[in-house]
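Student: A single structure is presented below for examination.
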Amino acid sequence: MEPPMEPSGGEQVPGAVRLLDLPWEDVLLPYILSRVPLRQLLRLQRVSRAFRALVQLHLAGLRRFDAAQVGPQIPRAALAWLLRDAEGLQELALAPCHEWLSDEDLVPVLARNPQLRTVSLAGCGQLSRRALGALAEGCPRLQRLSLAHCDWVDGLALRGLADRCPALGELDLTACRQLKDEAIVYLVQRRGAGLRSLSLAVNANVGDAAVQELARNCPELEHLDLTGCLRVGSDGVRTLAEYCPALRSLRVRHCHHVAEPSLSRLRKRGVDIDVEPPLHQALVLLQDMAGFAPFVNLQV
């Protein structure tokens with residue numbers, strides 16, 4: 001139950017100017033409330049009816065909402081209040097709501113904010129295909145999306161995203177363990193031309209077939225994370241080297257079937273790879289064991 005509110009912003013000292021007397025849209029909203037953390041806004045709106053109206057006006061004009069600004073945990077009622085009037089959001093991050101966020105909580109927010117370009121639903125395991133369908137259907141300008149650790153994401157859910165989001169350029173599918181090669185192949189055939197960053201990390205069902213098709217359809221790809229993709233091997237990496245001239249970083253740690261010869265071509269191009277060459281690994285091991293770096297003539 002909220003504490004009772006004062007009817008105004010407080011008693012006015014003769015000759016003084018109250019905060020609320022300043023122009024709201026020209027001064028308070030762009031220069032003051034825009035710098036107040038969301039957590040403090042929740043407290044500020046309890047001060048008086050006037051402050052509540054001011055905070056609601058500010059929230060209605062939000063372009064970026066990150067639930068982490070409220071705290072590590074945010075109640076469902078607080079989220080609903082903070083977003084109830086927002087209709088111009090371009091960025092939305094809801095990771096702190098991962099324990100309870102449902103389709104019923106998210107879908108109305110998506111419906112009111114068709115301008116969304118960046119959405120993070122990392123770890124939100126209570127959602128379903130319905131939420132992703134609403135995002136794909138209602139937010140055609142979507143450019144960046146994180147679905148990391150969302151076990152409910154399967155090939156059918158991803159298909160709608162591939163069909164309806166032509167601007168998608170960055171996608172995080174880390175630990176979406178239901179995804180198989182067929183789903184990734186469909187995605188890159190539909191949206192690969194614009195993809196610049198993709199994470200398929202910790203997806204044991206993704207292998208060389210998906211990586212090779214990805215390479216052939218993603219000429220603008222700059223960042224690819226295959227960490228822990230146990231079925232990815234050297235064939236996939238060689239195809240990346242051949243078809244992805246824009247590649248800047250590649251993550252293949254714990255990809256045990258990726259051999260150094262397939263990575264060397266990418267290293268020569270200056271691609272940042274998270275696995276060191278075998279000689280460097282041996283030198284580091286020797287240094288750790290002996291306590292010093294042995295002299296090695298690398299020109300031999």
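Student: Within the range 142-151, which residues are part of a loop (DSSP other than H, G, I, E, B) and closer than 16 Å to Ala93 by Cα?
Tutor: Selection gives Leu142, Gln143, Leu147, Ala148, His149, Cys150.
Student: Only one of Leu57, Leu89 is aliphatic (A, V, I, L, M), touching a residue at least 24 places away in the same chain (Cβ under 8 Å) and closer than 22 Å to Arg164 by Cβ; which?
Tutor: Leu89
Student: Collect the residues in the range 93-111 that are in a helix (DSSP H, G or I) and surrounded by fewer than 15 Cβ atoms within 10 Å (Cβ to Cβ), keeping them in residue-number order.
Tutor: Glu104, Pro108, Ala111
Student: Among the hydrophobic types (A, V, I, L, M, F, W, C), assigned to a loop (DSSP other than H, G, I, E, B) and either modelled with pLDDT of 85 or more or open to solvent by 50 Å² or more (accessible area, probe 1.4 Å) (or both): does that describe Trp81?
Tutor: No, not satisfied.
Student: Say whether the condition of being at pLDDT below 95 and on the phi < 0 side of the Ramachandran plot is met by at least one residue in the range 231-252.
Tutor: Scanning the range 231-252, I find no residue that is at pLDDT below 95 and on the phi < 0 side of the Ramachandran plot, so the answer is no.
Student: Please name all residue pairs, on different chains or six or more residues apart, with Cβ atoms under 7 Å, provided the first residue is in the range 175-189 and is farther than 10 Å from Val206 by Cβ and modelled with pLDDT of 95 or more and the second residue is basic (Lys, Arg) and open to solvent by 20 Å² or more (accessible area, probe 1.4 Å).
Tutor: Cβ pairs passing all conditions: Tyr186/Arg159.
Student: Determine which member of the set Gln90, Gln73 is at pLDDT 95 or above and either open to solvent by 30 Å² or more (accessible area, probe 1.4 Å) or under 27 Å from Gly207 (Cα atoms) (or both).
Tutor: Gln90
Student: Given the conditions (1) under 30 Å from Ser128 (Cβ atoms); (2) touching a strand residue (DSSP E or B) at 6+ places or on another chain (Cβ under 8 Å); (3) of a type in the set (Asp, Glu); (4) surrounded by fewer than 16 Cβ atoms within 10 Å (Cβ to Cβ), and given that Glu182 satisfies all but one, which numbered condition is not satisfied?
Tutor: (2)
Student: Hey, among Asp105, Asp172, which residue is farther than 26 Å from Ala204 by Cβ and either among the aliphatic types (A, V, I, L, M) or at pLDDT 95 or above (or both)?
Tutor: Asp105
Student: When you scan the range 112-126, how many residues do you find that are open to solvent by 50 Å² or more (accessible area, probe 1.4 Å), in contact with a helix residue (DSSP H, G or I) (Cβ under 9 Å, 6 or more places away or on another chain) and either closer than 22 Å to Cys176 by Cα or part of a helix (DSSP H, G or I) (or both)?
Tutor: Matching residues across the range 112-126 total 2.
Student: Kindly provide the set of residues from the range 211-248 that are outside any loop (DSSP other than H, G, I, E, B), of a type in the set (Gly, Ala, Ser) and surrounded by fewer than 18 Cβ atoms within 10 Å (Cβ to Cβ), ordered by number.
Tutor: Answer for the range 211-248, where residues must be outside any loop (DSSP other than H, G, I, E, B), of a type in the set (Gly, Ala, Ser) and surrounded by fewer than 18 Cβ atoms within 10 Å (Cβ to Cβ): just Ser234.
Student: Return the residue satisfying two criteria in turn: it lies in the range 133-178 and is of a type in the set (A, V, I, L, M) and open to solvent by 30 Å² or more (accessible area, probe 1.4 Å), and of such residues it is farthest from the chain's Cα centre (by Cα).
Tutor: My answer is Leu156.
Student: Now for a different question. Anything in the range 55-70 that is open to solvent by 30 Å² or more (accessible area, probe 1.4 Å) and either closer than 12 Å to Ala86 by Cα or not in a helix (DSSP H, G or I) (or both)? List them, or say none.
Tutor: Gln56, Leu57, Ala60, Gly61, Arg63, Arg64, Asp66
Student: Residues in the range 30-54 that are part of a helix (DSSP H, G or I), in contact (Cβ under 8 Å) with a residue 12 or more places away in the chain, closer than 17 Å to Leu82 by Cβ and out of contact with any Gly (no Cβ under 7 Å at 6 or more places or on another chain): how many?
Tutor: Counting residues in the range 30-54 that are part of a helix (DSSP H, G or I), in contact (Cβ under 8 Å) with a residue 12 or more places away in the chain, closer than 17 Å to Leu82 by Cβ and out of contact with any Gly (no Cβ under 7 Å at 6 or more places or on another chain) gives 7.
Student: Please go through the range 185-210 and give me each residue that is open to solvent by 10 Å² or more (accessible area, probe 1.4 Å) and either of a type in the set (S, T, N, Q) or part of a helix (DSSP H, G or I) (or both), ordered by number.
Tutor: Of everything in the range 185-210, those that are open to solvent by 10 Å² or more (accessible area, probe 1.4 Å) and either of a type in the set (S, T, N, Q) or part of a helix (DSSP H, G or I) (or both) turn out to be Val185, Tyr186, Gln189, Arg190, Arg191, Ala193, Gly194, Ser197, Ser199, Asn205, Asp208, Ala209.
Student: Do we find a residue being of a type outside the set (Phe, Trp, Tyr), in contact (Cβ under 8 Å) with a residue 12 or more places away in the chain, closer than 21 Å to Arg177 by Cβ and touching a Lys or Arg at 6+ places or on another chain (Cβ under 9 Å) anywhere in the range 227-239?
Tutor: Yes; the residues of the range 227-239 include at least one that is of a type outside the set (Phe, Trp, Tyr), in contact (Cβ under 8 Å) with a residue 12 or more places away in the chain, closer than 21 Å to Arg177 by Cβ and touching a Lys or Arg at 6+ places or on another chain (Cβ under 9 Å).
The values are calculated or read from the model by the stated rules, or taken from the named source; none is laboratory data. From a predicted model like this one, the values you see are computed outputs, not experimental measurements. Neighbour counts are summed over all protein chains in view; Cβ atoms, including those assigned to glycine, are modelled from backbone coordinates with ideal geometry. Please note that ligands, DNA and RNA were not included when accessible areas were found on the heavy atoms of the full protein model with its side chains. Shrake-Rupley method; radii C 1.70, N 1.55, O 1.52, S 1.80 Å.
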